[in-house]
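Accompanying notes for the structure given below.
The values are calculated or read from the model by the stated rules, or taken from the named source; none is laboratory data. As the structure is a computational prediction, the values presented were derived from the model and not from experiment. Ideal geometry is used to build each Cβ from the backbone, glycine not excepted, and the neighbour counts take in all protein chains shown.
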Amino acid sequence: MNKRTFLKNSSLLTIGTLATFSALGKMVKTIAHLPAEAVAKDDTFWAMIREAYYLKPDYINLENGYYCIMPQEVLEQYFDHIREINRQGAYYMRTVQFDNKKIAATKLAEIAGCSPDELIITRNTTESLDMIISGMNWQPGDEAIMAEQDYGAMLDMFKQTSRRYGMVNKVLSVPMDPGSDDEIVELYSYAITPKTKLLMICHMINITGHILPVRKICDMAHSKGVPVMVDGAHAFAHIQFSIPDLNCDYYGASLHKWLSNPLGAGMLYVKKENIGKPWPLFPESSKADNDILRLNHTGTSPVAIDLTIANAIEFYKKIGPDRKEARLRYLQNYWTTRVRSMPHININTPTDPTRSCAIANVGIKGMKPADMAKTLLDKYKIYTVAIDSAGVHGCRITPNVFTTTTELDTLINALGEMK
C-alpha cells in the first residue's frame, strides 16, 4: 500500500469512526428505559456496539480475558494524548503530569466506589499485588494462604518471598462447582491458624471464570484477625461491585482487561488503615506513611496511558455497567447451556449462573487442551487459549461486548463436532 492510499484509508476510518460514535450515543438513548436483562438479548443494539470496534476478520476472537481491545473511540483519544504530550515534551512532564494522574485515579475511585485517597494507578494487577506480597514484614514461620487456581505471577511472588524470608505458603484448591458459598468460606477458614498473616483470593478465577463470595470470605478472615488481598484482574469493569462493600484490605486490577484501556495501566486499592503497612516497590521519601502516593513512585512512565483512563471510563459508562454485565453473562450462558449436556464435553465453570459472567472454560474428554485450541483455530477459525493446570483442562472462552451470537453458534457447532 502506498502512502497516499494509506492516508486515504486512514481518513475514511476516522470519518466512519466519528459517525459510529454519534450513532452509538443515540442508540443508547433509545434503550435507556429498558431493563439490562432485556437489552442483553437485543442483538441489534449490540451490533451497533460492535461497530465501535475495528476487528480483525481472520478469526473469531474468544480470548478477550487476556486483553480487551480498545474501541476506536478510545484508541483515537489515546493517539491524541500521545501527540499532545509529545508536542509539550518535558514541559508537560514537569508541570501537570502528576495532577492529571490524580484526576484519572479519582475517576477510577468513583467507579470502584472508594475514596481517591485509597487508590493508585499502577501498571497491572501483578505489580499491584506483588508489591503487597513482597512489601509485608514477613517473619520466619508466618503463613500465607492462597489457591492453586490463583494467578501464576502472584504464586511466584509468594514462592520467592518464602525463599527469602522463611514464611510458609499454604496452597488450597477451590472446588469447580461449589454447592454453596459456605463450602468456599469454610475451605479458607479451616486453613487459617494463629500464624496466618495474609489471605489471597481471586474475585474471579481467571482460568474458569468462577466468582468467589469475596465479602463472606473477608468477613470470616477478619473475625480471625487476618487481612485479605483480592485479585480483581478479571472482575473490575466486568461485573458491578463497590470495593469497600467487599470489606477487603487490598484489591488489584488490570485496566487493559475489562475497562479496555491501553496496555500498561492497572490499579491498587488499599484500605486507609493499611496504607502505612506495606513497603513500596520503589521508595517515595517525600510522602507520609498514611499517604497512598507513597506506594505510587514508578519513575518516568508512558503517561498517555493514564490520560486515556478517563476516556475508557466514559465509553464504559456509555454502554452502561449493568447492560455490559448482563450482556456478558447472557453470551456465556448462550453457549454453555447448549453444550453442557453433550456427553463428550466438560464445562469447568460453575453451573449456577450467578457464580460466573463472561468467562467459562470447556474441555473435550480425551483431547488435550493444546490440541483443542489448535483445532478450534485451524479448522474453525476460533481463537481461544488452552488451560491445562490446577485441575482445569480445557479452553478458556471469553467473549466481549462485540461478540455476536452467530459467532458463538460457530463455537457450539465446533464443540459438537470435535469428539
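Worth pointing out:
- In the stretch 54-94, residue nearest to the chain's Cα centre (by Cα) [restricted to those that are part of a helix (DSSP H, G or I) and hydroxyl-bearing (Ser, Thr, Tyr)]: 78
- Subset of the stretch 405-419 (residues that are in contact with a strand residue (DSSP E or B) (Cβ under 9 Å, 6 or more places away or on another chain), surrounded by 13 or more Cβ atoms within 10 Å (Cβ to Cβ) and not hydrophobic (A, V, I, L, M, F, W, C)): 407, 410, 416
- Residue match in the stretch 368-381 (condition: within 23 Å of residue 71 (Cβ to Cβ), crowded, with 17+ Cβ neighbours inside 10 Å and not charged (D, E, K, R)): no
- Within the stretch 297-317, restricting attention to residues that are at pLDDT 95 or above and hydroxyl-bearing (Ser, Thr, Tyr), the residue that is surrounded by the fewest Cβ atoms within 10 Å (Cβ to Cβ) is 316.
- Taking residues in the stretch 97-113 that are more than 14 Å from residue 297 (Cα to Cα), and partners anywhere that are of a type in the set (Ser, Thr, Tyr) and not in a helix (DSSP H, G or I), the pairs with Cβ atoms closer than 9 Å and at least 6 places apart or on different chains are 109/115; 109/269; 112/242; 112/251; 112/269; 113/242.
- Taking (1) assigned to a helix (DSSP H, G or I); (2) within 21 Å of residue 357 (Cα to Cα); (3) in contact with an Asp or Glu (Cβ under 8 Å, 6 or more places away or on another chain) in turn, residue 312 satisfies each apart from (3).
- Qualifying residue in the stretch 136-152 (condition: acidic (Asp, Glu), closer than 27 Å to residue 275 by Cβ and in contact with a helix residue (DSSP H, G or I) (Cβ under 8 Å, 6 or more places away or on another chain)): yes
- Scanning the stretch 245-291 for residues that are of a type outside the set (Asp, Glu) and assigned to a helix (DSSP H, G or I) turns up 246, 272, 274.
- Failed item in (1) more than 23 Å from residue 189 (Cα to Cα); (2) part of a loop (DSSP other than H, G, I, E, B); (3) of a type outside the set (Val, Ile, Thr), with residue 98 passing the rest: (2)
- Residue within the stretch 239-250 that is surrounded by 20 or more Cβ atoms within 10 Å (Cβ to Cβ), in contact with a strand residue (DSSP E or B) (Cβ under 6 Å, 6 or more places away or on another chain), modelled with pLDDT of 95 or more and closer than 30 Å to residue 403 by Cβ present: yes
- Taken together, the residues in the stretch 370-398 that are farther than 30 Å from residue 182 by Cα and out of contact with any Cys (no Cβ under 6 Å at 6 or more places or on another chain) amount to 13.
- Test: residue in the stretch 33-41 that is over 20 Å from residue 331 (Cα atoms), over 23 Å from the mean Cα position of the chain (by Cα) and either at pLDDT below 95 or aromatic (Phe, Trp, Tyr) (or both): yes
- Per-region count, the stretch 308-356, residues touching a helix residue (DSSP H, G or I) at 6+ places or on another chain (Cβ under 6 Å) and either on the phi > 0 side of the Ramachandran plot or among the small types (Gly, Ala, Ser) (or both): 3
- Applying a threshold of 6 Å to beta carbon distances and a minimum spacing of six or more residues, or different chains, the list of pairs starting in the stretch 224-246 at a residue that is over 16 Å from residue 108 (Cβ atoms) and touching a residue at least 24 places away in the same chain (Cβ under 8 Å) and ending at one that is surrounded by fewer than 24 Cβ atoms within 10 Å (Cβ to Cβ) and among the β-branched types (Val, Ile, Thr) reads 224/192; 226/192; 226/196.
- For the stretch 318-355, residues that are out of contact with any strand residue (DSSP E or B) (no Cβ under 6 Å at 6 or more places or on another chain), under 12 Å from residue 415 (Cβ atoms) and part of a helix (DSSP H, G or I) total 2.
- Within the stretch 134-162, residues that are without any contact (Cβ under 8 Å) to a residue 24 or more places away in the chain have Cβ atoms under 8 Å from residues that are in a strand (DSSP E or B) and of a type outside the set (Ser, Thr, Tyr) in these pairs: 155/146; 155/171; 159/169; 162/168; 162/169, counting only partners at least 6 apart in sequence or on another chain.
- Applying the condition of being in a strand (DSSP E or B) and hydroxyl-bearing (Ser, Thr, Tyr) to the stretch 360-412 and asking which residue is nearest to the chain's Cα centre (by Cα) yields 398.
- When the stretch 33-74 is filtered for residues that are without any contact (Cβ under 8 Å) to a residue 60 or more places away in the chain and of a type in the set (A, V, I, L, M, F, W, C), the ones remaining, listed by number, are 34, 38, 45, 48.
- When residues of the stretch 202-227 are limited to those that are of a type in the set (A, V, I, L, M) and more than 26 Å from residue 398 (Cβ to Cβ), the one surrounded by the fewest Cβ atoms within 10 Å (Cβ to Cβ): 220
- So residue 370, is it in contact with a strand residue (DSSP E or B) (Cβ under 9 Å, 6 or more places away or on another chain), free of Cβ contacts under 8 Å to residues at least 60 places away in the same chain and not acidic (Asp, Glu): yes
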